[in-house]
Amino acid sequence: MFGSVLPDNAQKALAVLGESNHLKNAYLAGGSALALHFGHRYSIDFDFFSSELFDPMKLRDSLKAIGIFQAELVKGISLIGVFNGVKMSYFQYDYPLIAPTTVYCDVAIAHPYDISAMKLVAITDRGTKKDYIDLYELIKQGIDTETMIDCYEKKYGKWEENRFTIIKSLSYFDEAEETDMPHMIRSVAWEDIKQFLTSESLRLSKKYLSQPST
């Protein structure tokens, strides 16, 4: 794991969270998890997911007992706030893990296969530059778009009904253009990423959209 992708305060916060046992039923996903795997960019927030129901108010109070936690949203199946200066979220998430997690700082880290499927969801719902950069990095690390599609189907089971939206979202950058470029470790140009993913979208369109759904 590339722990240096997290700033010092985030590394310390993650260690406290791991030691506390409050995340025993959760796993870290999103950009920070992928950056820990690949070391391609810095990341400054935590997105935790759990298949088990939880009481967000009880978790809020537990986090306040082990550090400084400022809640921003405490509702239903979601808890969002800032823990020891680090933005974090915790969601109840029904979809299964499709690959084994890795433990880092006593915290379960989602496999890139799971993260790839979740990133495909992210770009269909106001994708950011970070999301597209992470997809690009996944491909460069050997997880091609066909593999991501397979992961998406295993995790969500909705590829056939969503394939048009997902493939077209690979080349739709209007909303991402309004977001900030992340602090990269391995330098990459945003225009190059757009060009690459646009080519992928075209290739996948010919492969998956030229024939009727089955």
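Please treat every number below as a calculation from the coordinates, not as lab data. The structure presented is a predicted model; accordingly, all values stated were derived computationally and were not measured. We place every Cβ from the backbone using ideal geometry, glycine too, and count neighbours over all the protein chains shown.
Some values worked out for this structure:
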{"item": "Loop sites in region 1-80: GluC sites (Glu not before Pro), DSSP, at most 12 other Cβ within 10 Å", "result": "52"}
{"item": "Rounded to 10°, Cα long-axis angle of helix 8-20 versus longest principal axis of the chain", "result": "70"}
{"item": "Ellipticity estimate at 222 nm from DSSP helix runs (n ≥ 4, -39,500 (n - 2.57)) divided over the chain, nearest 500", "result": "-13500 deg cm²/dmol"}
{"item": "Dipole moment magnitude, nearest 20 debye, region 41-197 about Cα centre, only Lys, Arg, Asp, Glu C-beta charged", "result": "300"}
{"item": "Pairwise centroid distance, computed over Cα atoms, of region 130-167 with region 36-91, Å", "result": "25"}
{"item": "Over 23 Å (Cα to Cα) - which of 58/129; 12/64; 64/87; 87/130; 64/129 fall in this group", "result": "58/129; 64/129"}
{"item": "Folded to 0 to 90 degrees: helix 129-140 orientation relative to the chain principal axis, Cα", "result": "70"}
{"item": "Listed residue (195, 165, 21) projecting farthest to the positive dipole end of the chain, Cβ model", "result": "21"}
{"item": "Rule-of-thumb Rg ratio for region 3-110 [Cα; 2.2 N^0.38 Å; N residues]", "result": "0.98"}
{"item": "Karplus 3J(HN,Hα) series, Hz, for region 177-186 with 6.51 cos²θ - 1.76 cosθ + 1.60 (x for Gly, Pro)", "result": "4, 7, 9, 7, 6, x, 6, 8, 9, 9"}
{"item": "Mean Cα-pair separation over length for region 142-214, i.e. relative contact order, pairs under 8 Å, 6 or more apart, %", "result": "43"}
{"item": "Local electrostatic count at residue 101 - Lys and Arg +1, Asp and Glu -1, tallied over other residues with Cβ under 15 Å", "result": "-2"}
{"item": "For residue 93, residues with placed amide H under 5 Å, excluding near neighbours", "result": "50, 51, 52"}
{"item": "Scattering profile of region 102-169 at q = 0.16 Å⁻¹ [log10 I(q)/I(0), Debye over alpha-carbon scatterers]", "result": "-0.53"}
{"item": "Relative contact order %, the chain, counting alpha carbon pairs below 8 Å whose residues are six or more apart", "result": "19"}
{"item": "Helix axis angle, 112-123 relative to the chain longest principal axis, alpha carbon, degrees", "result": "70"}
